[in-house]
Every structure is written in structure tokens, then in C-alpha cells.
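Beneath this line is the structure, given in C-alpha cells, with notes to follow.
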Amino acid sequence: MPPKKRNSGTTQSKGLKPSAESASPDKRESPELSLKKHRDKDAEFVTLCKSLHVTDLVCDRAWTLWKTIQESMDEVADNQKRLWGACLFVTVTDMDVACFTLTQVLKAVSLNVKQFMSLVRKLDVNLDTISTKVNSALTRLEKKYDVTLALYQRFEKTCKKIFALVADGKERETMRSCWTMFLLAKGRVLQMDDDLVISFQLLLCTLELFIKRCPPDLLQPLYKSSISKVQSPPTRTSRRNQSKAKSRPPEPEMDVQLLETLCKENECNAEEVKNVYQTSFSAFLDSLDLSRSPDFPQVNDLDQQYEEHYLKSRDIDGRLFFDGDETVLVPKVEILQGERTPKKNLQDEDAVLIPPQTPIRAAMTSIQQLRGDLISSGDQPSTNLDTYFKNCTVDPTQDVLKRLETLEQAFSQRFGQAVGPRCVILGKQRFTLGVRLYYKVMEEMLKSEEKRLSVQNFSKLLNDSTFHTSLLACALEVVMATYGESSFKTGGYNHGGGDQADTDVCFPWILDVFKLSAFDFYKVIESFIKADPTLSKDIVKHLETCENLIMERIAWRTASPLFELLKQEHEGGAAEQVETPASFSQPLQHNHTAADLYLSPMRPGHRALPPESPATASSQASSQVLTQPAGQTPRHPKSNSLSLFYKKLYRLAYTRLKILCSYLLSSHPELEPIIWTLFQHTLQYEYELMRDRHLDQLMMSAMYAICKVKSVDLRFKTIVTAYKNMANTNQETFKHVLITEGHYDSIIVFYNQVFMQKLKTNILQYASTRPPTLSPIPQIPRSPYKFPNSPLRVPGSNNVYISPLKSPRMSPGIMTPRSRMLVSIGESFGLSSRFQKINQMVNSSDRSFKRTLDLGSAPKPLKRLRFDVDGQDEADGSKSGGDSTLIQKLAEMSSTRSRMQEQKMKEDAEARKE
């Protein structure tokens, strides 16, 4: 059993003494809290600080934060102590001092993880209450909690199939030791401890160890019979020869048959788990001197070692999941959400219930599908691909192989550094899958180009190193996203979270590993998706989000080739503008291929290849000089890659602006095209404002500027409040804006010191009697990434759609949406009232609004800004005269949304009763 006082003050002070490594002028003071210094503070607050062993400085800063929050909140009486806990958490995270763990503060204020996270985020009524550093820490903790919860739920379910119930409850003690050992293994093996797949594979390894060392009477028949008779645990005789054993590497004690049974029962790839066992888990067992031991690990030893790890990490005590502790329990609301999953109305007694779609099942299904799709793809170029290589004027085969060898080493080493020191071999596994996908997609691309162009010599394209690196990077991004290792939990930002960037393989990590520019990577995305129709909808969406991140921000980093292309287009007499406003209203033609984009532009003064043969090797075509009339300056060829980039950029920009306008300016629809004109002008002619900045920073600035000159009452803090509730936004966007080189501040400072200074003359034109001509509105087409299994409208109908049958490889759990109503033709559906509800839902005028903007909890306008001066809360220093009509409108919208949510919950409750 764990030590009874693991959360006591004794353990706390022992485990978290201030160390030299974290020492700073602020952190060298005595760790003991001096009560005399805090007589000006609430006695209960000081008592809380003392129980959490905070220093005098932490106590002072947390109290200052509390006073700021107290001034801006309406009612705090009921949850004052909880808010104090949140203030202390924010303070120690910002200061990066080791005072208490997350679990300790949760227990001190009687909250569970989700409630506490929600409370801390709600403190952000002041733009600078929650720093980007705290937000990053919250995101990491939330992700780790979700992963650990999913793992524990699977652990508990699996143990019921493994262990038999015995009179003395011995199986519970065994399970507890197993869970504690797994937590310790995860903590020591993985630096990126929110990796769900590798963590789950480690859990299976731990279960294997305990099963084969279990007394037979503790095991269910399936697992009792799965233990290999040949690979029995070492006898005690072998323990007497420990000196000899240490002189040679210990042999892995893995029971292959047992491990394969565990993997089969849990839909996990056995080869991958064996690899994790041999490379990571065996080394972990060695560190505990357990590799050659036939006995169970000592419970107290495991608890003590995990206690040390938990106190060092300062987050959640994972043992509490086993205890059913209230601090880690799933909120009841989330449990009800899971129960809403519709079950098929089958009368057959033998009907099989559809299993719920859990995070682990979803991950295992995705991996199984990816590996299944790549079974026929080898680690070497196929015969067809080899033929394409040999048809080239210059055969690229050797360069391709050499490049792969170099990039494999770089990828696996960096993967190991991020995920865990013994995970280099797992990085090589990911790379191998990526190579198979790279070859598969390349072959499909070339087949498509051959069909389109009726040529077979693709020498120029296949000898382009950037094309190959981008294609491989895209394949690896797909692999890592499938394994859940690449996501957008930080919105693509890698600063502000301490050392988190070092243990984060989320996009755009792969670009940094391959030293690849985002603009070059963007060129391959659309062709990649079209070339592989087996990609799941989630993966297509992931790649589309990568593309959006590139257009919003990543392609605008200082070193990006995008700026050189723009400079050539604007200053070098380009044949055409980047993108003419007249073409905005035209449909976006998705007929550019990777070949078009990687071979464009050509060098200045040289003619581009004709569009019908972009991939052929023609040295004459690439060296012919443009024919120009005498006396004229030679013009650069138009860049296909830049043109398509800007077409997509404009459409993305307008889509996001339209959403924000629909939320804030629905009573002033005439302003949207004016804001768009300023926004579009900035992107086309003042593109330097995008350098090391974000598209949305220009969008919000343009909105504020136009409202100001048109005398519409819209404050910046109201814009930011609405922006925070849009999809795919990050608070860094408005809190951490580049002002001058190396100096960052809020978006209001950016507007005052940069945006308005640069565009002042242009902005004022909109207040004149002769404003600038409005830019055409871009046509927003259907996404080019068409999903083969998306619902299709039945011809001749308005609201009737059909959905094709999913792939048979997919788990049936994927086909159980939690919040939609399903109709199966030929099957009893129940009461006619359900059809009426569907009609109401389909015809609802709010449907499109809800899909484009999910506001979550009711938004409250920001009450204070830290960068306000003497109560002035506007960018130009004007004072507010009370709540504006816009804020009232926000409150009305929030109230309407709350009523809709209540009605939805009532309907769901009725549906469950039926």
C-alpha cells in the first residue's frame, strides 16, 4: 500500500526543497512562510499558503493577483478559497518554483481536475491574468490527465478479464501494484508523457510482467493458458548467480505468447509492443533490478519511487485513479455525454451492442487501418516507381536512398530526444511506415501526372530535393498524427511553456527536424491528399489544419522563402499581381499539382516551363530567355505556387473575418465588405506586417480601425472576447504580438504602435466622401479535400442526404455519433415525434451559426486590461461610458444559447427514457 502520508506536509517539504538548479534572486529566500509578514492579508488565505508550503514572495504575488481578480469579479463569496488556490497555482507556474503539486492544491480547495482547470481559465477576465506560460502548462496538464484517465479506464476493464476474484482481495493488491509500476515506467521511459499509444503499449508490457508472475488461482482461464510453459520465470538458483548475470546483458524475460494474447484482446499491434518491451521496458526493469527476479516488485518500494517522481513532476498523483479519489473523478456531465451514444434498436436476442468509441480504441483502429493500407507497400521503391526513376534523364534513385538514410537518422534521433531516450528505435519504426507511405503516394502522383500530361520523363521533379523532403515530411506527419503524437494542443506555438517545446512533436516539429520551410511543405499537401484516398477523415482534417497554420502564421516567419517571392513579384516587374482582386469572385480551381508548385517559379530572367508540361526535363525550355520588346525591363514569370497560396490565403482570411463579423457586427452588415477591403489591401501591399505575426492580428486590427472611423462602438476587448471563442484560436495570438524586433506585447500595443502608424492614411480614407473601391468578396468553395464517405445530397431534395457505407476495416464504434439522430431505412425508428425533431433541427436558422462558431460557455466581455492607462481601455485612450449596445447584444446571445442548451439536454433526457 502507498505511504499513508504521501500528501502530508512532511513528504511535501522533503520532496520539494528549493534546489540550486532553479535558484534565482526571487527563489533564494527561506522556504518557510513568515506569518508576521502577512498580517495585512486574510488569515484563511495565509493558512492556505502555509499548508501548501509557499514562500513569502509567492504569498505576496498570489495575494496581489487575488486583489486584481476580486475587483473585476461580481461575486466571489461562495468560491473564495477555490479562487485563492487558482491564484497560487497561476503564481507558482509563472514563477516556476516548486512549492506544491497540482493534486495537493486540488485537495486543499476540494476541486477535481476539470473543475480546477475551468476555474483557472475563467480568471482570464483580465487579458494578462493568465500568461501564455500558464496557459501552456494548463494545456499540458489537461492533456496528461485525459491520457491517464483513458489508460486507467482501459486498465480497469482489462484487469476484469485477467484477474479472478479471490476471498482475501489479493487481486486488488496485485492490480494496485501493477498500476503503480506502470505509472513509474511511464514517468521514467517517456519524456513526452502524454503519448497515448506508447503509454498504452507500456501498460501491456507491465500487465504481461504481472500476469506471468501471478499465482495461477489469481488468473482467469484465458490468461492462465496463455502463459508459455517454455518461457517460465527464472528459478531462484539464477538469483544466486547475480554477479555472473551482471557481467552479461540480461536476457529479455518477455513471454511472446502471453504478450500476443494481450495485444489481440486489446486490438494492439504485437510487433510494436514487443519492440517497446525490448527497448524501453526491459531497460526500466533493469533499473529496478527486476529483470531476472521471479518475484513481484515490493509494493512499498514502488510507491516510494513513484512518490519521488510525482513530487518532482508537480502535477497529478496517478495512483488516485485507482483509489477513486474525487480529485480525479470524471465530472458527471461527461459521464452522461457518454451515455447518450445511440444504440441500435435490435429485437434479436443475439444482437451485439456497438462498443463505445474510447480514445484508445480510436487510436488502435486508426493505426490498424494505416498499417493495413501500407502492407503491400515495401520499404523500397516498387517496380512501377523504379521504372519512373529509370525513365528520368538523370536517375534519382541513389539520391533518394541517400537522402532517406540521412533523414532517418535525423528523425529517429530527434524523436528519441522528444519522446524518451530509449524511443529512438520507435522513431525508426515511425520512419519506416512514413517511407512506405512516401513511396505509395509518390507513385500515385506520378501516375496521375502521366495521365494528365502523357509523358513519362519526370526528371526535373524527381531530382528536386525539396519535393522529396516535403513529400516525406507529409507522410511522416500523417503517421505521427495517426499515432496521436502530432496534434495542435499548443496551436503551433512552441514558446512560453518552459521546456515543453523539447518534448513536443506536434506540427510544425517535422519542419524543424528536416530544416524544411513551411511554404515548401504547403505545396505538397493538396496533391498528397488527392493521391491517397484511403486517408481517414480525421487525418485529412489534420493536414488541412496544418495548411491553415502555415497560411496564418508559420509561412510568415522571417526566414521563409515567401518574402523573397513577394519581393520579386512586387519589385521585380512581375508579369501579374500576386492575385488580382477581380479573381476573388471566381471559383478556386484546384487543378494545380505538386509538380506545378515545386517547379514554380523559375529563376528571374528565364522562361517558366509551359503549364502543360511542368514535370518534364527540358533544358532548352528552362534556359530560354523571355522575349521582350526592345527597351523594356525583363519581367519575372508569375509564380504558380505564390498565386495559389494567396488565393487560399484570401479565402481563409475572409472566412474567419465573416465569422467574427457575424458575432459582433450583425447589426452593421455594411461594415463587413469595408473591413475586408482594408484587410485584403494590407495582405497584398503591406505584407511585411505579416512578418513573424499572425493573420488574425491583422484581421482584428482592421475590424477595430474601420469601426473607429465609422463611429461604431466596438472596443478591442470585446473583439478579443469574441475571438477567443472562435475555433482554432490561441491566446498567444492577442497576448504575444511582435512590436519591434525581440519585443512582444498585446494586440492593442501592436495596433497603436505598428498597424495604425503604417496604415493611418489608408484607414482615414474610409471616413472621406470618396472611400477606396471595395474589394470583391472571395467565393468560398467547398473544401478541395472531398471525403469519399461524406453525406451526399439526394438529387431533387433540399434536406435529404445519404452516407455511403464505411470501410469494413473501420471499427463500428466510429459509427456511433453522440449528438446526432440517425435514421436507418427499413428499421423501426420509434415515435413520430423524433422525425419532427429532425425536421426542426434541419430547418433551424441557427444551425449554420452553431456549426461555424461554437461558443462553449457564455462569453463575458473582458472587464479590465492590464495595459489600460488610468482606466482608459481603448486603443486610442478613450473611456467607456458603460455597457455598449454590443455588449448587451453579447449578453442576449449568451442567454439565447443557454436556453438552447437547456432545451437540448431536456430532449436528450426524454430520448434516454424512451
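State whether the residues of the range 262-271 include one that is farther than 27 Å from Val147 by Cβ and at pLDDT 90 or above.
Checked the range 262-271: no residue is farther than 27 Å from Val147 by Cβ and at pLDDT 90 or above.
Can you name the condition, by its number, that Glu339 falls short on among (1) modelled with pLDDT under 80; (2) out of contact with any helix residue (DSSP H, G or I) (no Cβ under 8 Å at 6 or more places or on another chain)?
(2)
For the range 389-413, which positions are open to solvent by 10 Å² or more (accessible area, probe 1.4 Å), part of a helix (DSSP H, G or I) and over 24 Å from Ser376 (Cβ atoms)?
Gln398, Asp399, Lys402, Thr406, Gln409, Ala410, Gln413
Out of curiosity, is Asp124 in contact (Cβ under 8 Å) with a residue 60 or more places away in the chain, of a type in the set (D, E, K, R) and part of a loop (DSSP other than H, G, I, E, B)?
Details: in contact (Cβ under 8 Å) with a residue 60 or more places away in the chain: yes; of a type in the set (D, E, K, R): yes; part of a loop (DSSP other than H, G, I, E, B): yes.
In short, yes.
How many residues are of a type in the set (D, E, K, R) and either within 11 Å of Val478 (Cα to Cα) or crowded, with 19+ Cβ neighbours inside 10 Å (or both) if we restrict to the range 506-529? Full working, then the answer.
Step one: of the range 506-529, the residues of a type in the set (D, E, K, R) are 512, 515, 520, 523, 526.
Cutting the leftovers down to either within 11 Å of Val478 (Cα to Cα) or crowded, with 19+ Cβ neighbours inside 10 Å (or both) gives us 520, 523, 526.
Total satisfying the criteria: 3.
Mind checking which residues of the range 650-675 are within 20 Å of Lys724 (Cα to Cα) and touching a Ser or Thr at 6+ places or on another chain (Cβ under 8 Å)? If you could, list the steps in order and put the result at the bottom.
Applying the first criterion (within 20 Å of Lys724 (Cα to Cα)) to the range 650-675 yields 652-666, 672, 675.
Within the range 650-675, Ile659, Ser662, Leu664 qualify.
For every residue, the table says whether it meets (1) surrounded by fewer than 21 Cβ atoms within 10 Å (Cβ to Cβ); (2) under 30 Å from Arg213 (Cβ atoms).
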residue: Val90; (1), (2): no, no
residue: Asp96; (1), (2): yes, no
residue: Gln104; (1), (2): no, no
residue: Ile130; (1), (2): no, no
residue: Ser136; (1), (2): no, no
residue: Gln153; (1), (2): yes, yes
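Which condition from (1) in contact with a strand residue (DSSP E or B) (Cβ under 9 Å, 6 or more places away or on another chain); (2) assigned to a helix (DSSP H, G or I); (3) at pLDDT 95 or above is the one that Arg693 breaks?
Exception for Arg693: condition (2).
Would a scan of the range 349-356 turn up a residue that is at pLDDT below 75, closer than 30 Å to Gln429 by Cβ and not in a helix (DSSP H, G or I)? Lay out the reasoning, then the answer.
From the range 349-356, those at pLDDT below 75 are 349-356; that's our starting set.
Narrowing the set further to residues that are closer than 30 Å to Gln429 by Cβ leaves 355-356.
Then drop every residue that is not not in a helix (DSSP H, G or I), which leaves 355-356.
Looking through the range 349-356, at least one residue is at pLDDT below 75, closer than 30 Å to Gln429 by Cβ and not in a helix (DSSP H, G or I).
If a residue has to be in a helix (DSSP H, G or I) and over 22 Å from Gln115 (Cα atoms) to count, how many in the range 33-66 make the cut? I'd like the intermediate steps shown before the answer.
Taking the range 33-66 and keeping what is in a helix (DSSP H, G or I), we get 35-38, 43-51, 56-66.
Among the residues that remain, those that are also over 22 Å from Gln115 (Cα atoms) are: 35-38, 43, 46-47, 50, 56-61, 64.
Qualifying residue count for the region: 15.
What is the number of the single condition among (1) open to solvent by 50 Å² or more (accessible area, probe 1.4 Å); (2) over 19 Å from Arg553 (Cβ atoms); (3) not acidic (Asp, Glu) that Thr740 does not meet?
(2)
Within the range 641-681, track down each residue that is in a helix (DSSP H, G or I) and open to solvent by 40 Å² or more (accessible area, probe 1.4 Å).
We begin by selecting, within the range 641-681, every residue in a helix (DSSP H, G or I); these are 641-664, 671-681.
Hits for the range 641-681 are Lys647, Thr655, Lys658, Ser662, His681.
Spot the failing condition for Asp379; the list is (1) part of a helix (DSSP H, G or I); (2) touching a residue at least 12 places away in the same chain (Cβ under 8 Å); (3) open to solvent by 30 Å² or more (accessible area, probe 1.4 Å); (4) not β-branched (Val, Ile, Thr), and only one is missed.
Going through the list (1) part of a helix (DSSP H, G or I); (2) touching a residue at least 12 places away in the same chain (Cβ under 8 Å); (3) open to solvent by 30 Å² or more (accessible area, probe 1.4 Å); (4) not β-branched (Val, Ile, Thr), Asp379 breaks only (1).
Please enumerate the residues belonging to the range 414-456 that are buried (at least 18 other Cβ atoms within 10 Å of the Cβ) and in a loop (DSSP other than H, G, I, E, B).
Across the range 414-456, the qualifying residues are Gly420, Arg422, Cys423.
Which residues, taken from the range 734-756, are in contact with a helix residue (DSSP H, G or I) (Cβ under 9 Å, 6 or more places away or on another chain) and over 22 Å from Asn135 (Cα atoms)? Write out each step before concluding.
First, pick out the residues of the range 734-756 that are in contact with a helix residue (DSSP H, G or I) (Cβ under 9 Å, 6 or more places away or on another chain): 734-740, 744-748, 750-751, 754-756.
Thr740, Tyr751, Val754, Phe755, Met756, listed by residue number.
Which of (1) farther than 30 Å from Arg361 by Cα; (2) outside the structural domain of Lys224 (by the TED database); (3) not small (Gly, Ala, Ser) is the odd one out, the single condition Asn112 does not satisfy?
Only one criterion in (1) farther than 30 Å from Arg361 by Cα; (2) outside the structural domain of Lys224 (by the TED database); (3) not small (Gly, Ala, Ser) is unmet by Asn112, namely (1).
Right, Ser287: within 20 Å of Cys178 (Cβ to Cβ) and at pLDDT below 80 or not?
Details: within 20 Å of Cys178 (Cβ to Cβ): yes; at pLDDT below 80: no.
Spelling it out, it is not the case that Ser287 is within 20 Å of Cys178 (Cβ to Cβ) and at pLDDT below 80.
The values are calculated or read from the model by the stated rules, or taken from the named source; none is laboratory data. Just so we're clear, the structure is a prediction, and the values are computed from it rather than from any experiment. Here the Cβ is made from the backbone with ideal geometry for all residues, glycine too, and neighbour counts use every protein chain on show. Ligands, DNA and RNA are stripped out before the accessible areas are found, and what is left, the full protein with its side chains, is counted by its heavy atoms. Shrake-Rupley method; radii C 1.70, N 1.55, O 1.52, S 1.80 Å.
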